[in-house]
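Single-structure report; data block below.
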Amino acid sequence: MKRNHVVVTGRGDGPVVVLAHGFGCDQNMWRLVVPALAEDFKVVLFDHVGAGRSDLGAWSEERYASLDGYADDVLQLLRALDPGPVVFVGHSVSSMVGVLAAVREPDLFTGLVLLTPSPRYVDDEATGYRGGFSAEDIDELLESLDSNYLGWSGAMAPVIMGNPERPELGEELTNSFCRTDPAIARAFAHTTFRSDNRADLAKVGVPTLVAQCSDDAIAPPEVGAFVHARIPGSKLVTLPATGHCPQLSAPDATAEAIIDFVRALR
Amino acid sequence: MVRAGGGDEPEGRGTAPEGDDAARFSAMLEDSAVDLYENAPCGYLSTLMDGQIAKVNTTLLSWLGYRREELVGRRRFTDLLTVGGRLYHETHFAPLLSMQGEIGGIALELKAADGTRMPVLVTSTVKTSDDGQPLLIRTTLFDARDRRAYETELLRARQEAEEARREADRARRTAEEAHRAVEAERQRLQRLATTLQRTLLPPSLTAPAGLEVAAHYHIASADEVGGDFYDLFPLAHGSWGLFLGDVCGKGAAAAAVTSLARYTLRAAAVYDPDPVAVLANLNTVLTHEYEGTDPRFCTVLFGVLTPDRGTAGFELALAAGGHPPAILLRADGSARHLPTPGGQLIGVIPDPHIATTTVRLDPGDTVLLYTDGLTEAHTTPLGRTGGDGRYGDAALLDFTAALAPTTAPAAIAALQGLLDTLGSGVDDDTALLALSVPHPVSEPKQ
């Protein structure tokens, strides 16, 4: 629980909805949709190991070199919480974490919401699959992470070092929502953008909602359509949102899509 | 006329400038806000919340090489970024801006119309309406070419340092593995040496009737097989053969000679038990077997024990080939060497001189045979020495004299204690063999 900085909120007797953030930030990503979801649902938030307020000491390059490590964490978390079967909402790369977890232990899930999912970001010439990126593009992203490292480390130092006599540093620090150890961010980027979970989609046996954005540079509509086509019986909705984070750019529509899906399951 | 330095006077402070100064200042005040925006020393960009470019200044257009109408209403901010920068924007920049309302100092690269790239530092704020609704995003972009070059250098240096550290770690791990392998090999060899050593010594000694015997073998180094040997075995007509010797050198080659010497002595003693004949036979075998480039030789004491019928005593006939003399500890408490002077090394020359001596052992007498590992042991400056830093023959005689009268087991136990005391000073293997004639049970001990 501590490892993943688990936060439980909302209606105690409602259906359980687990919100998993993607690559980049932490559970704060959900803050604009949590109020709407919390009215009827028990909402479980957590940070992936290496992100936000998770236990950085629990991070290891080996364990988190594949999405299976993250899926392991989700299953462990669900077993520890034991809330009964849940609806798992995974954003971005966490949508594939949800797919892996639900394939391994379908009984723990009543449904999956895949928010802006992509089973593979890099194009695959062999099969004609278009993920939207080349291997060089991913290298450029890693470069961007590296070049922003210097800026971060300066800003992050007080947080990392701990500074009890100046608590305001911890509260008001710029970028505090996305504080990440640069080495961990780099490894997570590798894991995320080099993953290929296309073959896992067909194994999903729980009701699934694919929610994509109308205009998303990271997970373009044809990728959403691919995911929808591969997961048997899945539903596809396109949110009127720009960018890769509809829970921020179109929180109402995002919350509504999740609420509709969960209600229809009952 | 302009008043030079007028601004320094107190009454000048805070008041409107006059004359030419005033004109210049006024001209500055009237610097067009539009011109300031358009030709500012940084790029300005205003976008709608979805990133659509609504307004862009001339500075940024000139950096990018685009015309205004190519961007406004047509392109998004992210379209101006490299693909990697776009990914970073989507996963970090946009979420942070959305959550915080502002974000600053982010390093990104612009992609100009001609494909060239330009590093910039980007700061954005969200402008909101009076009721807090986000309206648009204002972004400033600063030329960061110099700074990025510097940072790239820093980053490269850091990566090099990390690589050097990893390299050092790898080297350390390799060295540790090699050390472990060497250690494992050493232990394997030690086991081998110990096993081999055991095969060169009798597992236990059987005492002839009417005698007590004790022996000890001190291993100086577990890494190598030593060349010392001894044995005690029955011959015909109630007599017994015994020997104790020392092959020169250590290790496998010495062990082979030890083994050869041991079974040759036993076989020769059966063939002709005369001690001189036994050592002569051994000499023949060694000189024959090891001639030329790898001569092997040994020092050895060979003896035959014959019970003196009618008494409890024994006669001991000894032959020596270059070996330290045995020590005789009498029942009356006296101690002396059993000199076998002039005996030559066995295995060096074809016909060596072999020295002999004969002694009678009566109840209460003890005879001790030893190899020079004990007398050649290094001693501490405070210890008793033979004058050359070695324990020495005289010291050993004194030590054993203090034991007399004694028994074989008691003498060996005392000498084991002595070896322990000398500790690491004993740098060669040491073999000890003692025989004593016990007092008859019916006869009270003197």
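Of the residues B:56, B:34, which is over 17 Å from residue B:109 (Cβ atoms), more than 60 Å from the chain's Cα centre (by Cα) and crowded, with 17+ Cβ neighbours inside 10 Å? Give the steps one after another, and end with the answer.
Numbers: B:34 fails: crowded, with 17+ Cβ neighbours inside 10 Å.
After ruling out the rest, the residue left standing is B:56.
With the structure loaded, tell me whether residue B:51 is within 8 Å of chain A (Cβ to nearest Cβ) and either out of contact with any Lys or Arg (no Cβ under 7 Å at 6 or more places or on another chain) or buried (at least 23 other Cβ atoms within 10 Å of the Cβ) (or both) or whether it fails that test. The answer is no for residue B:51.
Among what's in region B:314-334 and is assigned to a loop (DSSP other than H, G, I, E, B) and touching a Gly at 6+ places or on another chain (Cβ under 9 Å), pick the residue that is surrounded by the fewest Cβ atoms within 10 Å (Cβ to Cβ).
Here is the first cut: in region B:314-334, the residues assigned to a loop (DSSP other than H, G, I, E, B) are B:322-325, B:330-334.
Next cut, touching a Gly at 6+ places or on another chain (Cβ under 9 Å) only: B:322-323, B:330-332.
Numbers: B:322: 23, B:323: 27, B:330: 16, B:331: 19, B:332: 11.
Among those that are assigned to a loop (DSSP other than H, G, I, E, B) and touching a Gly at 6+ places or on another chain (Cβ under 9 Å), it is B:332.
Residues A:97, A:74, A:103: which one is of a type in the set (Val, Ile, Thr) and closer than 25 Å to residue A:215 by Cβ?
Working: A:74 fails: closer than 25 Å to residue A:215 by Cβ; A:103 fails: closer than 25 Å to residue A:215 by Cβ.
Exactly one of A:97, A:74, A:103 is of a type in the set (Val, Ile, Thr) and closer than 25 Å to residue A:215 by Cβ, namely A:97.
For residue B:88, are the conditions met, namely being of a type in the set (Phe, Trp, Tyr) and surrounded by fewer than 15 Cβ atoms within 10 Å (Cβ to Cβ)? Quick ask: steps written out before the conclusion?
Details: of a type in the set (Phe, Trp, Tyr): yes; surrounded by fewer than 15 Cβ atoms within 10 Å (Cβ to Cβ): no.
No; evaluated as a whole, the condition is false for this residue.
Here is a check on your reading of the model: is residue B:143 free of Cβ contacts under 8 Å to residues at least 24 places away in the same chain, more than 10 Å from every other protein chain (Cβ to nearest Cβ) and either within 27 Å of residue B:45 (Cβ to Cβ) or in contact with a helix residue (DSSP H, G or I) (Cβ under 6 Å, 6 or more places away or on another chain) (or both)? Spelling it out, it is not the case that residue B:143 is free of Cβ contacts under 8 Å to residues at least 24 places away in the same chain, more than 10 Å from every other protein chain (Cβ to nearest Cβ) and either within 27 Å of residue B:45 (Cβ to Cβ) or in contact with a helix residue (DSSP H, G or I) (Cβ under 6 Å, 6 or more places away or on another chain) (or both).
When you look at residue B:243, is it buried (at least 22 other Cβ atoms within 10 Å of the Cβ), touching a strand residue (DSSP E or B) at 6+ places or on another chain (Cβ under 9 Å) and touching a residue at least 12 places away in the same chain (Cβ under 8 Å), yes or no?
For residue B:243, the condition - buried (at least 22 other Cβ atoms within 10 Å of the Cβ), touching a strand residue (DSSP E or B) at 6+ places or on another chain (Cβ under 9 Å) and touching a residue at least 12 places away in the same chain (Cβ under 8 Å) - is met.
The set of residues from region A:1-41 being crowded, with 21+ Cβ neighbours inside 10 Å and among the charged types (D, E, K, R) comprises just one member, A:26.
Residue-level check: of (1) small (Gly, Ala, Ser); (2) in a helix (DSSP H, G or I); (3) touching a Leu at 6+ places or on another chain (Cβ under 8 Å), residue B:280 misses just (3). Selection within region A:84-103: residues that are in a loop (DSSP other than H, G, I, E, B) and buried (at least 16 other Cβ atoms within 10 Å of the Cβ). The member of this set that is nearest to the other protein chains (Cβ to nearest Cβ) is A:92.
State yes or no: is residue B:141 among the hydrophobic types (A, V, I, L, M, F, W, C), surrounded by 12 or more Cβ atoms within 10 Å (Cβ to Cβ) and under 30 Å from residue B:59 (Cα atoms)? Explain how you work it out, then say what you get.
Numbers: among the hydrophobic types (A, V, I, L, M, F, W, C): yes; surrounded by 12 or more Cβ atoms within 10 Å (Cβ to Cβ): yes; under 30 Å from residue B:59 (Cα atoms): yes.
Yes.
Tell me the residue from A:258, A:184, A:231 that is at pLDDT below 90 and either among the β-branched types (Val, Ile, Thr) or surrounded by fewer than 18 Cβ atoms within 10 Å (Cβ to Cβ) (or both), please. If you could, list the steps in order and put the result at the bottom.
Numbers: A:258 fails: at pLDDT below 90; A:231 fails: at pLDDT below 90.
Of A:258, A:184, A:231, the one residue that is at pLDDT below 90 and either among the β-branched types (Val, Ile, Thr) or surrounded by fewer than 18 Cβ atoms within 10 Å (Cβ to Cβ) (or both) is A:184.
Within region B:340-362, residues that are among the polar types (S, T, N, Q) have Cβ atoms under 6 Å from residues that are part of a strand (DSSP E or B) in these pairs: B:340/B:320; B:340/B:355; B:340/B:357; B:356/B:319; B:357/B:318; B:357/B:338; B:358/B:317, counting only partners at least 6 apart in sequence or on another chain. Whether a residue is away from chain B (no Cβ under 14 Å) and more than 16 Å from residue A:188 (Cα to Cα) was assessed, and residue A:136 does not pass this test. The set of residues from region B:318-374 being touching a strand residue (DSSP E or B) at 6+ places or on another chain (Cβ under 6 Å), among the hydroxyl-bearing types (Ser, Thr, Tyr) and closer than 23 Å to residue B:391 by Cβ comprises B:340, B:366, B:370, B:371. Here residue B:249 meets the list (1) more than 24 Å from residue B:437 (Cα to Cα); (2) of a type outside the set (A, V, I, L, M, F, W, C); (3) part of a helix (DSSP H, G or I) almost entirely, failing just condition (3). Annotation for region B:418-430: no member residue is under 44 Å from the mean Cα position of the chain (by Cα), modelled with pLDDT of 95 or more and of a type outside the set (D, E, K, R). Residues of region B:90-135 that are within 57 Å of the chain's Cα centre (by Cα) and not in a strand (DSSP E or B): B:90, B:91, B:92, B:93, B:94, B:95, B:96, B:97, B:99, B:100, B:116.
The number of residues in region B:103-115 that are charged (D, E, K, R) and within 7 Å of chain A (Cβ to nearest Cβ) comes to 0.
Restricting region A:13-55 to residues that are within 16 Å of residue A:82 (Cα to Cα) and not hydrophobic (A, V, I, L, M, F, W, C) leaves a set whose member that is nearest to the other protein chains (Cβ to nearest Cβ) is A:42. Condition first: closer than 25 Å to residue B:87 by Cα, surrounded by 24 or more Cβ atoms within 10 Å (Cβ to Cβ), within 14 Å of chain B (Cβ to nearest Cβ) and in contact (Cβ under 8 Å) with a residue 24 or more places away in the chain. Can you find one or more residues in region A:104-115 that meet it? Yes - at least one qualifying residue is present in region A:104-115.
If the condition is being of a type in the set (A, V, I, L, M, F, W, C), at the interface with chain A (Cβ under 7 Å from one of its Cβ atoms) and in contact with a strand residue (DSSP E or B) (Cβ under 8 Å, 6 or more places away or on another chain), then region B:76-102 contributes B:83, B:87, B:96. Summed over region B:116-138, residues that are within 12 Å of chain A (Cβ to nearest Cβ), more than 21 Å from residue A:244 (Cβ to Cβ) and touching a residue at least 40 places away in the same chain (Cβ under 8 Å) total 1.
Out of all the residues in region A:233-266, which are part of a helix (DSSP H, G or I) and basic (Lys, Arg)?
Kept after step one, since they are part of a helix (DSSP H, G or I), are these residues of region A:233-266: A:246-249, A:251-265.
Of everything in region A:233-266, just one residue is part of a helix (DSSP H, G or I) and basic (Lys, Arg), namely A:263.
Of the residues making up region A:208-232, those that are over 20 Å from residue A:102 (Cβ atoms), touching a residue at least 40 places away in the same chain (Cβ under 8 Å) and not in a strand (DSSP E or B) are A:216, A:217, A:218, A:220, A:222. In region B:392-411, the residues that are in a loop (DSSP other than H, G, I, E, B) form Cβ pairs under 6 Å with partners that are hydrophobic (A, V, I, L, M, F, W, C), at six or more places apart or across chains, as follows: B:403/B:411; B:403/B:414; B:404/B:329; B:404/B:335; B:405/B:331; B:406/B:329.
Being in contact with a Gly (Cβ under 7 Å, 6 or more places away or on another chain) and either farther than 21 Å from residue A:142 by Cα or at pLDDT 90 or above (or both) is the filter here, so list the residues in region B:74-93 that pass it.
Taking region B:74-93 first, the residues in contact with a Gly (Cβ under 7 Å, 6 or more places away or on another chain) are B:76-78, B:90-92.
Selection gives B:76, B:77, B:78.
The values are calculated or read from the model by the stated rules, or taken from the named source; none is laboratory data. Owing to the predicted nature of the structure, the values given are computational and were not obtained by experimental measurement. When we count neighbours, we look across all protein chains shown, and the Cβ atoms used for this are built from the backbone with ideal geometry, even at glycine.
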